[in-house]
Each structure stands twice: as C-alpha cells, then as structure tokens.
Amino acid sequence: MTTPDAVPLSGPRFQTEPARLYREMRRDHGAVVPVLLDGDIPAWLVLGYRELHQVTGDPVLFSRDSDLWNQWENIPADWPLLPMIGHKQPSILYTVGERHRQRAAMISNALEEADAFELRAHAERFADELIDALCSAGEADLVAQYAMLLPVRVLARLYGFPDEDGPGLVTALNDMIDGRERALAGQAHLAASMAQLLTDRRKEPAADVVSRMLADESGFSDEEIAQDLMVMMAAGHQPTADWIGNSLRLMLTDDRFAASLFGGRNSVAEAMNEVLWEDTPTQNVAGRWAARDTHLGGRRVKAGDLLLLGLQGANSDPQVRTDASALTGGNNAHFSFGHGEHRCPFPAQEIAEVIARTGIEVVLDRLPDIDLAVPAESLTRRPSPWLRGLSGLPVRFSPVPAR
Ligand code: HEM
C-alpha cells in the first residue's frame, strides 16, 4: 500500500499547529491520508467525519484484531510503537466480537455502579490536598503539580486500592507513561499492586470496581481482569489529566472565559466541551485493521492495512463544521471518546467528566486570582502525534494558607 506522497506521522507540527496540519492534509490528500509511521511503516489516517463513522461503526470489516496486519514481517522487535499497537496483549483493547461485548459489559457495569456523589467527594478531597501542597507558594505548574496527580488518585480509590497505596501508584503510572528509564519499574509496581488487590478482593469483596469485575459471570480470568485494570488506569488517567490541563489553558488564555475565573460555573462545562472539539486529549488512535480489500473515502484499502482514527481531524472536518455553532449548546457529536463498540465506555466518560470538572472547579475556587505566569505563546505541548497535552502550565496567584 506504500503511496509515493505518503505523509510522515511525526514532526513538530503535530505539537505546534495540528489544526492547520490536518486541514492541509485533507486539502492535499482527501479524507483518508496515506501516512508513514516510524521506520516508514505505511498506514492510513482517517480524517473525514463520515469516513471515521464508517470505520468505527463496522468492527467486522475494520477490526481491532492486530493479527490481521499485513506489515508484521517489516516490524522489528524493538519498534517503538509496538506497545500502542498492542500485539498479543490479552486486554479488552484487542478483544473482538462476542467476547469483546461481554468484556465491555463487565467493565461498564462495574464502573456504572460507582456512586456519583461519592466520586465527586473523593475528587474534591484529593484536589484539595493537592492545592494545599502548593497554595502558599504563590506559583505552581498546574500540569506537573496538579493535573498529572489527580485522576490516577481518584481512579485508584474508585477501583478499590487502599488510600495508602495512592501516592506510590501516582508515581508508578506517571513513570510508565513518561517512557524513560523508570518506565519498566513503574509498570512492574502497578502490575504487582493490581495482583495484590485482586488477591485481597477474591478473599474479601468490597463495594468497589474490582470486586464487581471479579463477581462478573462471563468467566474472565484474574490475569485478564488485571490487564483490563491496567488499561482502565492508563487509558483513564492521562487523557483526563490532559482534559484538565487543556481546559485550564483555554480558560486562562481566552478572554471569553475570563469572567468565569471569578465564579461563573457554566463556562467550565463550555470550556471542557470546546476542548473536546478543538484540542482533544486523544488526537489520533491506533487503530483498526481491514479484514478484506475495500474502498474508503475514494481510496483502495487492502486486506490487513492499518487505519488510524484521526479523531481531531474528524472533529474539525469542514463537512460537519460549516459554522462555529457546532460548539455551542453542549453539542457532543465529536469523536473525542471514539465511536461504536470499541469507544470509551459511557460510564468511563462520565467518571472522567466528574474528575475533570471537579479538578477545574477546585482550582478556580481555591486560587481565585490565578493567572498565567508566562506568555500564552510560550506554552508547549508534549511531542506526540497521538496524545495532546501541555508540557507545563506555569501560573501565579496570591498565596493562601493550606486548609
Ligand atoms: C475515567 C477515565 C477513563 C476510563 C476508565 C477509560 C477507559 C477506556 C477503556 C476501557 C477503553 C477501551 C474500550 C474498548 O476497547 O472497548 C477506552 C477507549 C477509549 N477512550 Fe477512554 N477512558 C477514560 C477517559 C477517557 C478520556 C478523558 C478520553 C478522551 C477525552 C478517552 C478517550 C478514549 C477513546 C478515544 C477510546 C477509543 C479508542 C478506540 O476506538 O479504539 N477516554 N477508554
């Protein structure tokens, strides 16, 4: 499938000006763009709203099963994107068909029973603790000292980890996501903590997500449940942290939101929704594999080709965004949580929303005169064509005592 004009899926423009980049790609290549991954591995980036709907809505033709890939013979054992492609990983992400439906139901049911009131109370408590640790300094980095520490703490509590495990899990998960020298040790710490939690809850179930997953009767092994718990932790934490960071950035840099810094609540929801449309935490997702030769957006796609889900590109497709009205009135027809059978489970979306909204509201309540400490143009994003989040969000405020 190698096409001569394929676009490398790398480079600084994914960081600095993705909206313009996707517009140019669409202009030059149409809704389905031939791209090259690390090592010149070919794939298709699906940027069209309609085409993405087609791909995510047909899990048989466009499968989650990476065994179908026609590039395996070209992939070295140390290919950097292997963890993302998830070959032979027995988690929900790469399970297909009826077994996937049972697995998604197990996770959704276990998450759905979480009490929204309690969730909000936990999120508030952990957010307050984080603010207590920084509020007397008068300045902080709201990414490193706040957004990256909050969701994992709340999720750990919700899933069933004892509170004293919380700080260790925060460090381990952030080390793993960071992908540097401490990544493997972080992953090992998480895996060991999860195995321990499963053993404890097998003996003595409690009112938590893990106990409910263990009580499911579809016959998933402890190893499978541990894998899913890892996905629920990693897939839950980073995008929620970036949702908080990207929304705070929007509120601190855009005049339309200035008033809300002094108490307007509706605009927190508006800023969060606008971020999902314009600056979404998961820009591109790998992926789906074509089960047979087919056509998509005017392209001939061969059996076994990899299709990447261009969520941010589809959100800004001019075919659906003919005017700015798409953003108002809580319109949530964006692709930021995916679509179809493999989308982010609905209860997970709701939990992410509660954690992010509470996190933002606590910042605005506790640090009412908060302002950016650097010019808006100097804020940078982490270099990645996949996730979109800030490398830092330096702010200043009048120092206040801890509670
Ligand atoms: C509590 C927080 C969250 C949890 C526990 C969670 C969990 C999950 C899980 C288990 C899946 C896999 C579903 C499957 O394969 O059937 C998933 C998929 C997904 N999640 Fe989330 N998630 C969370 C927050 C978020 C946030 C904040 C975003 C982005 C704004 C997001 C975006 C996605 C996307 C785009 C997919 C679909 C990937 C695809 O179609 O292949 N998630 N999530």
Could you work out the relative contact order of the chain? I mean the mean sequence separation of Cα pairs under 8 Å and 6+ apart, divided by the number of residues, in percent. 28
Taking alpha-carbon centroids only, region 348-371 lies from region 203-222 a number of Å equal to 31
Quick one: 3J(HN,Hα) in Hz for region 28-37, Karplus 6.51/-1.76/1.60 with θ = phi - 60°, rounded, Gly and Pro as x. 7, 10, x, 6, 10, 9, x, 10, 10, 8
Within the chain, helix-based [θ] at 222 nm, where runs of 4 or more DSSP H residues each add -39,500 (n - 2.57), nearest 500: -14500 deg cm²/dmol
How fast does the chain diffuse by Stokes-Einstein, in µm²/s, taking the Kirkwood radius from C-alpha pairs at 25 °C and 0.890 mPa s? 111
What three numbers, in Å, describe the spread of the alpha carbons of region 55-167 along their principal axes, ordered from the longest? 56, 35, 27
Ignoring GluC sites (Glu not before Pro) buried by more than 16 other Cβ within 10 Å or outside DSSP loops, the longest site-free run in the chain is 218-340
How far apart, in nm, are the 7 Å Cα→Cβ label points at residue 58 and residue 319? 1.4
For the modelled label position 7 Å from the Cα of residue 137 along Cα-to-Cβ, which residues of region 161-182 have backbone nitrogen atoms closer than 17 Å? 171
For region 292-299, what does the Karplus curve 6.51 cos²θ - 1.76 cosθ + 1.60, with θ = phi - 60°, yield as ³J(HN,Hα) per residue in whole Hz, taken in order and with x for Gly and Pro? 8, 4, 7, 10, 8, x, x, 9
Taking the Cα centre of the chain as origin, sum charge times position over the Cβ atoms of Lys and Arg (+1) and Asp and Glu (-1), and report the length of that vector in debye to the nearest 20. 800
Sequence-separation-based contact order of region 22-159, relative, with Cα cut under 8 Å and 6+ spacing, percent: 14
With a point put 7 Å past each Cα toward its Cβ, work out how far residue 403 is from residue 188 in nm, to one decimal. 3.9
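Please list, by residue number, every one of the trypsin sites (Lys or Arg not before Pro) in region 195-293 that is coil in DSSP and has at most 13 other beta-carbon atoms within 10 Å. The partial results should precede the final answer.
Working: sites: 201, 202, 203, 212, 249, 256, 265, 288, 292; in loops: 265, 292.
Qualifying residues, ordered by number: 265, 292.
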Please work out the FRET efficiency for the pair residue 82 and residue 258, using the Cβ-Cβ distance as r and a Förster radius of 51 Å; give the result to the nearest 0.05. 0.70
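Bear in mind these aren't lab numbers, they're just calculated from the coordinates by the rules spelled out. Quantities reported herein were computed from a predicted structural model and do not represent experimental measurements. Glycine also receives a Cβ, built like all others from the backbone with ideal geometry; neighbour counts cover every protein chain displayed.
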